[in-house]
Amino acid sequence: MSRSVLLIEDNHQNRYLATFLLEKRGYKVWTAADGRHGIQLAQAILPDIILLDIQLPVMDGHAVARALRAIDSLRASPIIAVTSHAMVHDRERALAAGCDGYIEKPIDPETFVDEIERFAGFAPIDRAAS
Ligand code: MN
């Protein structure tokens, strides 16, 4: 059974790249382009992992992380911030808002999925199966 990832990201190119890399490794990927839609979708699909851009329209990623963390049914879903804010302060803010990890953009295709799995505490999916 494949694992599901919800990607909340407003940038089309980043959505495309992250989806490509995750699907290649056997993940089922759902996407939302803003936080409000992302929160609705998260409650509907209960994803195994949530990837969260911090710079988002409507609600910023920190507000989205806090809202997701307030939803009991999503307690088991790790939230990993993905952001171009390459500052220690932003990492601390993301973690304080309830994120379990933090990946910096630009996305590195060589390490992206491994980093996600490390933060999520998952053993890698059997690559032969994907
Ligand atoms: Mn963004």
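The values are calculated or read from the model by the stated rules, or taken from the named source; none is laboratory data. Since the structure is predicted, the reported quantities are computational estimates derived from the model, not experimental observations. Cβ sites come from the backbone with ideal geometry, for glycine too, and all protein chains shown count toward neighbours.
Summary table
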item: Residue ID - modelled with the lowest pLDDT, chosen from residues in the stretch 105-126 that are touching a helix residue (DSSP H, G or I) at 6+ places or on another chain (Cβ under 9 Å) and within 17 Å of residue 78 (Cα to Cα); result: 125
item: Close pairs from the stretch 1-16: first without any contact (Cβ under 8 Å) to a residue 24 or more places away in the chain, partner within 14 Å of the ligand (Cβ to nearest atom) and part of a loop (DSSP other than H, G, I, E, B), Cβ under 6 Å, at least 6 apart; result: 15/9
item: Residues (within 16 Å of the ligand (Cβ to nearest atom) and in contact (Cβ under 8 Å) with a residue 60 or more places away in the chain) located in the stretch 34-53; result: 51
item: Selected residue (criterion: farthest from residue 42 (Cα to Cα)) from residues of the stretch 54-84 that are within 11 Å of the ligand (Cβ to nearest atom) and not hydrophobic (A, V, I, L, M, F, W, C); result: 84
item: Leading residue by the ranking (farthest from residue 119 (Cα to Cα)) among those in the stretch 5-33 that are of a type in the set (Val, Ile, Thr) and within 16 Å of the ligand (Cβ to nearest atom); result: 31
item: One residue from 68, 46 being on the phi > 0 side of the Ramachandran plot and either out of contact with any helix residue (DSSP H, G or I) (no Cβ under 6 Å at 6 or more places or on another chain) or modelled with pLDDT of 95 or more (or both); result: 46
item: Residue count for the stretch 64-120, restricted to those that are in contact with a Pro (Cβ under 8 Å, 6 or more places away or on another chain), part of a loop (DSSP other than H, G, I, E, B) and of a type in the set (Gly, Ala, Ser); result: 2
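Rundown of residues vs (1) basic (Lys, Arg); (2) under 13 Å from the mean Cα position of the chain (by Cα), yes/no style:
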position	(1), (2)
7	no, yes
10	no, yes
15	yes, yes
26	no, no
30	no, yes
38	no, yes
48	no, yes
53	no, yes
